[in-house]
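A.B. asks: Submitted below is the structure of interest, expressed as structure tokens.
No lab work stands behind these numbers, since they all come straight from the coordinates. Bear in mind the structure is a predicted one, so any value in this text is a computation, not a measurement. Every residue, glycine as well, gets a Cβ built from its backbone with ideal geometry; the counts of neighbours run over all protein chains shown.
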Amino acid sequence: MSDASAAALSYRLDAPMRWLPVSGDFAPADLEQAAEMNQRVLAQIAQFEERGSTIEHPTPQDVEIQRLHAKLDLLLSAVAELAPRFLDRPPRKALRLSWSGLRWPRDADTAPADAQGWVELHLHPIVLQPLRWPARMQPGDATEAEASFLSVNEAAQLALERYVFQQHRRAVAASRRV
């Protein structure tokens with residue numbers, strides 16, 4: 001594991017993921033477009049995962065809104081169950097995601113060290129667009145592949161750091177409840 005990824009906050013997940021190789025350098029316009037899309041994807045995920053606060057003395061309107069919110073949550077859960085059946089997504093892989101990169105089990109199709117490409121990750125079942133981050137393959141080890149994310153605009157980087165932090169915090173909280 002590289003020094004940067006060893007020190008970075010991370011969490012484990014199973015998610016659809018693919019590596020898309022790039023020959024040569026990334027086009028600046030592609031990097032900018034991907035950064036903007038990544039910000040939108042991470043914002044959509046944050047909206048879906050946002051939990052409302054409980055109201056101590058709810059008004060009739062508050063009760064109605066909570067009822068509608070519960071129905072909407074049920075509908076979104078159903079869509080999350082059904083969507084993968086109709087979408088062309090890559091296979092799920094056991095991943096370790098950090099703000100600086102990604103690790104996954106090495107297989108015959110793993111790109112060699114120093115190869116550049118796009119890491120495409122579907123982080124949420126309802127969000128149709130994947131996170132698409134430019135990356136460079138690292139040597140890794142015999143069992144795990146490792147890709148380091150390349151720099152993008154600061155807003156996209158901060159959104160990814162916030163997302164990883166929140167997921168890590170949730171994983172820690174879940175492990176304490178067990």
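A.B. asks: Assign unit charges at the C-beta atoms only (+1 for Lys and Arg, -1 for Asp and Glu), then state the dipole size of the stretch 40-111 relative to its Cα centre in Debye, rounded to the nearest 20.
C.D. replies: With Lys and Arg at +1 and Asp and Glu at -1, about 460 debye.
A.B. asks: Label point 7 Å out from Phe48 along Cα-to-Cβ: which residues of the stretch 132-162 have amide N under 19 Å?
C.D. replies: 132-133, 159-162
A.B. asks: So which residue, out of Val63, Val119, Val127, gets the largest mean-square fluctuation from a GNM of the chain using Cα contacts under 10 Å as springs?
C.D. replies: Val63
A.B. asks: A further question on this structure: State the Cα centre-to-centre distance between the stretch 84-104 and the stretch 132-178 in whole Å.
C.D. replies: When both Cα centres are located, 11 Å separates them.
A.B. asks: Oh, and also: Please build a GNM for the chain, connecting alpha carbons under 10 Å apart, and tell me which residue among Glu32, Glu64, Glu50 fluctuates the most.
C.D. replies: The residue that fluctuates most here is Glu64.
A.B. asks: For the stretch 78-131, build the convex hull from the C-alpha positions and give me its volume per residue in Å³.
C.D. replies: 109
A.B. asks: Moving on to the next point. Over all directions, average the projected area of the Cα convex hull of the stretch 66-105 and note it in nm². Walk me through the numbers on the way to the answer.
C.D. replies: Working: hull surface 18.7 nm².
Seen from a random direction, the Cα hull of the stretch 66-105 projects 4.7 nm² on average.
A.B. asks: Quick one: plug the Kirkwood hydrodynamic radius of the stretch 47-136 (C-alpha pairs) into Stokes-Einstein at 4 °C, 1.567 mPa s, and report D in µm²/s.
C.D. replies: 78
A.B. asks: Among Gly140, Gly117, Gly24, whose mean-square fluctuation peaks in a Gaussian network model of the chain (Cα, cutoff 10 Å)?
C.D. replies: Top of the fluctuation ranking is Gly24.
A.B. asks: In Å³ and rounded to a whole number, note down the convex hull volume per residue for the Cα atoms of the chain.
C.D. replies: Enclosed volume per residue, from the Cα hull, is 155 Å³.
A.B. asks: Using unit Cβ charges (K, R positive; D, E negative) and no other charged atoms, how large, in debye to the nearest 20, is the dipole of the chain about its Cα centre?
C.D. replies: In total the dipole reaches around 620 debye.
A.B. asks: Here's another thing I want to ask about it. Across 5 Å bins from 0, what is the distribution of all Cα-Cα pair distances for the stretch 132-178, in whole percents?
C.D. replies: 5, 17, 16, 16, 18, 17, 9, 2
A.B. asks: By its C-alpha gyration tensor, with a ≥ b ≥ c as the square roots of the eigenvalues, how is the stretch 86-178 shaped: rounded for a/c under 1.5, else prolate for a/b larger than b/c, else oblate? Please report the intermediate quantities before stating the final value.
C.D. replies: On the way: a/c = 1.37, a/b = 1.29, b/c = 1.06.
Since a/c stays below 1.5, the shape of the stretch 86-178 is classed as rounded.
A.B. asks: Another question, if that's okay. Where both partners of a DSSP beta bridge lie in the chain, what percent of those bridges are antiparallel, to the nearest 5?
C.D. replies: Around 100 percent antiparallel, to the nearest 5.
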